[in-house]
Amino acid sequence: MRLTIDDVRSRFIKHFDGTTGSVYASPGRINLIGEHTDYNNGFVFPGAVQQGMIAEIKPNGTRNVNAYSIDLKDKVTFSLDDPKGPSASWARYIFGVCREMMELGIPVEGFNTAFAGDVPLGAGMSSSAALESCFAFAINDLWGDNKIEKMELARVGQRTEHKYIGCNCGIMDQFASVHGKAGSLMRLDCRSGEFAYFPWEPKGYKLVLVNSQVKHTLAGSPYNDRRLSCERVAAVIGKHHAEVETLRDANYDMLEEVKAEVSDEDYKRAKYVIGEVDRVLKVCDALEAGDYETVGQMMYATHYGLSKEYEVSCEELDFLNDVAKEEGVTGSRIMGGGFGGCTINLVADELYDNFVKVVKEKFAAKYGKDPIIIDVVIGDGSRKLC
């Protein structure tokens, strides 16, 4: 069932003073292709989804934030003026957004809030970015007179991850959550910040997520190690080619030149990223030509790279990818940072019912639990609901 305003409002009324505030929403996201390219200044191709976070917020006339997580049944109070902030990890997302908006000159005041989400946690659909974007958008509306432009709101979420959570993520997740548009995917140049909307109305195909229910987390995971690998290789290539600042600027020939100067592990990481930057552009061309077979081939190539070169897959995700191949699915790959979560699958309409049936049966037979099937509907970005 979809999360509704009433689901959140009833809890807000119960846990606070019986009155109501303003309600805001921000979505999770899918990413058709372009994984781990954002922090390498490459291209990504995300879209917002209908699932997301909904928060009710009401100023309380103090310097304290009283936050209630409906999903976790947990309540935390913190002061906007306390530089340390709360210890509860979920509350640190809200605290970080408040502090970053204050850094931008927004006169944030204390507030009461209750929030919930229907983005599957740990599924690689960026529930954390949805939470950050929801509160950044709301604070900008309530106290900033909407002075902060959308890309800066996305950066607020990114800085929150870096400074308050300990995850050195790129900008894609927050960008997609803030800028989403129903019926459109977005190609973002993570170096320049330029982006374009691409209509997503595939005739004869569906996008389907298969959630392995292997929970992933990026904070404190090998995610940050992957980023350091990329930076090390870019620095070595840059000594030979001054124009190379990040792996976005490099090519395979440059990488081969320095193979003896980098570790085998760093070489593999860089090989994946250089290939992935190129695959995103090929997918854009293929979509404009209505060539979904090429889109699918690039998705399978991305999965191979994420599994064998970037090494962020797991047994369950590789199994789901193999089942997709066996059943003739056009394209399939890990979605998100890896280490668990979902595969994203481009499935021809005529294969959809059988694919869902078979993937459920085979996964349950091997792992003793059903995967969760999520049909993708591309939705709008951050917004005020009432």
Q) Restricting attention to the range 46-74, which residues are part of a strand (DSSP E or B) and farther than 22 Å from Leu142 by Cα? A) Pro46, Gly47, Ala48, Val49, Gln50, Gln51, Asp74
Q: Identify, from the list Gly381, Gly341, Gly368, Gly337, the residue that is among the small types (Gly, Ala, Ser) and not assigned by TED's automatic domain parsing to the domain that holds Lys215.
A: Gly381
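Does Glu327 satisfy being more than 30 Å from Phe135 (Cβ to Cβ), touching a Lys or Arg at 6+ places or on another chain (Cβ under 9 Å) and of a type outside the set (Phe, Trp, Tyr)?
Values: more than 30 Å from Phe135 (Cβ to Cβ): yes; touching a Lys or Arg at 6+ places or on another chain (Cβ under 9 Å): no; of a type outside the set (Phe, Trp, Tyr): yes.
No; evaluated as a whole, the condition is false for this residue.
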(Q) Checking Asn321 against (1) part of a helix (DSSP H, G or I); (2) in contact (Cβ under 8 Å) with a residue 40 or more places away in the chain; (3) of a type in the set (S, T, N, Q): exactly one of these is not met. Which one? (A) (2)
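Just to verify a result, which residue in the range 333-343, among those that are out of contact with any Gly (no Cβ under 8 Å at 6 or more places or on another chain) and not charged (D, E, K, R), is modelled with the highest pLDDT? Give the steps one after another, and end with the answer.
Filtering the range 333-343 down to residues out of contact with any Gly (no Cβ under 8 Å at 6 or more places or on another chain) leaves 333, 339, 343.
Remaining after also requiring not charged (D, E, K, R): 339, 343.
On the way: Phe339: 82, Thr343: 95.
The qualifying residue modelled with the highest pLDDT is Thr343.
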Q: Check the range 236-244 and report whether any residue there is surrounded by 15 or more Cβ atoms within 10 Å (Cβ to Cβ), without any contact (Cβ under 8 Å) to a residue 40 or more places away in the chain, of a type in the set (Asp, Glu) and in the same structural domain as Leu306 (by TED's automatic domain parsing).
A: no
Q.
Just to check your reading of the model, which residue among Val312, Val273 is under 23 Å from the mean Cα position of the chain (by Cα), under 29 Å from Arg248 (Cβ atoms) and modelled with pLDDT under 95?
A. Val312
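Being of a type in the set (A, V, I, L, M, F, W, C) and either over 30 Å from Leu247 (Cα atoms) or assigned to a helix (DSSP H, G or I) (or both), is that true of even one residue in the range 37-45? Steps first, please.
Let us first name the residues in the range 37-45 that are of a type in the set (A, V, I, L, M, F, W, C), namely 43-45.
Still in the list and also either over 30 Å from Leu247 (Cα atoms) or assigned to a helix (DSSP H, G or I) (or both): none.
Within the range 37-45 (the criterion being of a type in the set (A, V, I, L, M, F, W, C) and either over 30 Å from Leu247 (Cα atoms) or assigned to a helix (DSSP H, G or I) (or both)), the answer is no, since none of the residues qualifies.
Just checking, does the range 249-270 include any residue being closer than 19 Å to Pro46 by Cα and buried (at least 17 other Cβ atoms within 10 Å of the Cβ)? If you could, list the steps in order and put the result at the bottom.
Of all residues in the range 249-270, those closer than 19 Å to Pro46 by Cα come to none.
No, the range 249-270 contains no residue that is closer than 19 Å to Pro46 by Cα and buried (at least 17 other Cβ atoms within 10 Å of the Cβ).
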Q) Filter the range 94-120 for residues that are farther than 13 Å from Asp71 by Cβ and among the aromatic types (Phe, Trp, Tyr); which is farthest from the chain's Cα centre (by Cα)? A) Phe111
Q) Residues of the range 93-134 being of a type in the set (D, E, K, R) and either surrounded by fewer than 23 Cβ atoms within 10 Å (Cβ to Cβ) or out of contact with any helix residue (DSSP H, G or I) (no Cβ under 9 Å at 6 or more places or on another chain) (or both), which ones? A) Arg99, Glu103, Glu109, Asp118
Q. When only residues in the range 135-160 that are over 16 Å from Met102 (Cβ atoms) and under 14 Å from the mean Cα position of the chain (by Cα) count, which is surrounded by the fewest Cβ atoms within 10 Å (Cβ to Cβ)?
A. Gln158
Q | Selection from the range 50-64 of residues that are at pLDDT 95 or above and over 15 Å from Glu132 (Cα atoms) | A | Lys58, Pro59, Asn60, Gly61, Thr62, Arg63, Asn64
**Q.** The one condition in (1) farther than 29 Å from Lys163 by Cα; (2) at pLDDT 95 or above; (3) surrounded by fewer than 16 Cβ atoms within 10 Å (Cβ to Cβ) that His303 fails to fulfil
**A.** (3)
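Return the only residue of Ala91, Ala116 being out of contact with any Phe, Trp or Tyr (no Cβ under 7 Å at 6 or more places or on another chain) and assigned by TED's automatic domain parsing to the domain that holds Val49. Spell out the reasoning first.
On the way: Ala91 fails: out of contact with any Phe, Trp or Tyr (no Cβ under 7 Å at 6 or more places or on another chain).
Of the residues listed, the single one that is out of contact with any Phe, Trp or Tyr (no Cβ under 7 Å at 6 or more places or on another chain) and assigned by TED's automatic domain parsing to the domain that holds Val49 is Ala116.
So which residues in the range 20-41 are among the β-branched types (Val, Ile, Thr), under 18 Å from Ala130 (Cα atoms) and surrounded by 24 or more Cβ atoms within 10 Å (Cβ to Cβ)?
Step one: of the range 20-41, the residues among the β-branched types (Val, Ile, Thr) are 20, 23, 30, 33, 37.
Those still in the list that are under 18 Å from Ala130 (Cα atoms) too: 23, 30.
Across the range 20-41, the qualifying residue is only Ile30.
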Q | Sole residue being farther than 30 Å from Tyr205 by Cβ and not in a strand (DSSP E or B), chosen from Glu231, Glu293 | A | Glu231
Q. Within the bounds of the range 135-148, is there any residue that is outside the structural domain of Ser313 (by TED's automatic domain parsing), part of a helix (DSSP H, G or I) and either modelled with pLDDT under 95 or aromatic (Phe, Trp, Tyr) (or both)?
A. yes
Q. Could you say which residue among Glu243, Glu256, Glu309 is in contact with a Phe, Trp or Tyr (Cβ under 7 Å, 6 or more places away or on another chain) and among the acidic types (Asp, Glu)?
A. Glu309
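The values are calculated or read from the model by the stated rules, or taken from the named source; none is laboratory data. Treat the numbers as computed from the prediction; the structure is a model and nothing was measured. Cβ coordinates were reconstructed from backbone atoms using ideal geometry, including for glycine residues, and neighbour counts include every protein chain displayed.
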